[in-house]
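Inspection log for the structure reproduced underneath, given as structure tokens.
The values are calculated or read from the model by the stated rules, or taken from the named source; none is laboratory data. Because the structure is predicted, anything quoted here is derived from the model rather than measured. All Cβ positions, even for glycine, are placed from backbone atoms using ideal geometry, and neighbour counts span all protein chains on display.
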Amino acid sequence: MSAWRGMAGAAMSLTAVVTLLGGATHGFRVWTTDAARAAAVATHPISVPSVSLVDEHRALQSIATTRRATIVDFVYTRCITLCGTLGATFQQLQAAIVRRGVADRVRLLTISFDPVWDTPERLRYYAIAMHPDPAAWTIATFSNTHEVAGVLRTFGIRVISDGAGGFVHNAALHVVNPAGQLVAIVPIDAREDAIDAALAAAPVTRALLPSRRVGAR
């Protein structure tokens, strides 16, 4: 009898998750990236909240930075499924940014939405596994738990308890321009598209332009 109750409870939990995510993603037209939201953001950028983040060294970080666009993803470090894919994606993004020589215009930011568990000490272990280059990739979490919901809502990230201590969540690559606006949302397998969108969002300053000799035409 208890086995049947457990199976029924699991089925109800799965049904609740499917129903919620189905409703939240416009009837399953999309799963990891809300195509309608991505199209809307491309036309009308959204200002992201100014919140305090803290990295594995307890240094304060922010979502947007001047002169560089930021590609953002959201994880929780205990996750071994989707978050593992995101980690591998960011490793490949980092390699592509270095290969293309655009680290002065594009940075990566991984944010844990589980600050209660993902303390700076635990982020340090995650960073050891991910091998981020500090010049290109920052791993951080919220210093104020009350700011989590607002940020997730802005980015369109839906997080639901899986009933076993973890979470079910969607994922995408989010591009934030130096002015702190969400300007693009692309699927996690569209790495080059994310970099291209970030480059389009990052202004080319005079310092980045090739110098010209006096008298050159």
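Listed values, structure above:
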| item | result |
| --- | --- |
| Hits in the stretch 68-109 (condition: crowded, with 21+ Cβ neighbours inside 10 Å, assigned to a loop (DSSP other than H, G, I, E, B) and among the polar types (S, T, N, Q)) | 77 |
| Inter-residue pairs, beta-carbon under 8 Å, first within 8 Å of residue 72 (Cβ to Cβ) and assigned to a strand (DSSP E or B) and in the stretch 166-177, second among the charged types (D, E, K, R) and at pLDDT 95 or above, 6+ apart | 173/73; 173/191; 174/73 |
| From the options 81, 70, 77, residue that is over 13 Å from residue 140 (Cα atoms) and touching a residue at least 40 places away in the same chain (Cβ under 8 Å) | 70 |
| Condition check for residue 102: β-branched (Val, Ile, Thr), in the same structural domain as residue 174 (by TED's automatic domain parsing), modelled with pLDDT of 95 or more and farther than 25 Å from residue 69 by Cβ | no |
| Hits in the stretch 103-126 - residues which are within 22 Å of residue 168 (Cα to Cα) and in contact with a Phe, Trp or Tyr (Cβ under 9 Å, 6 or more places away or on another chain) | 109, 110, 111, 112, 113, 114, 115, 117, 118 |
| Residue within the stretch 147-154 that is in contact with a Lys or Arg (Cβ under 9 Å, 6 or more places away or on another chain) and of a type in the set (Ser, Thr, Tyr) present | no |
| Some residue of the stretch 187-198 being buried (at least 16 other Cβ atoms within 10 Å of the Cβ) and under 26 Å from residue 58 (Cβ atoms) | no |
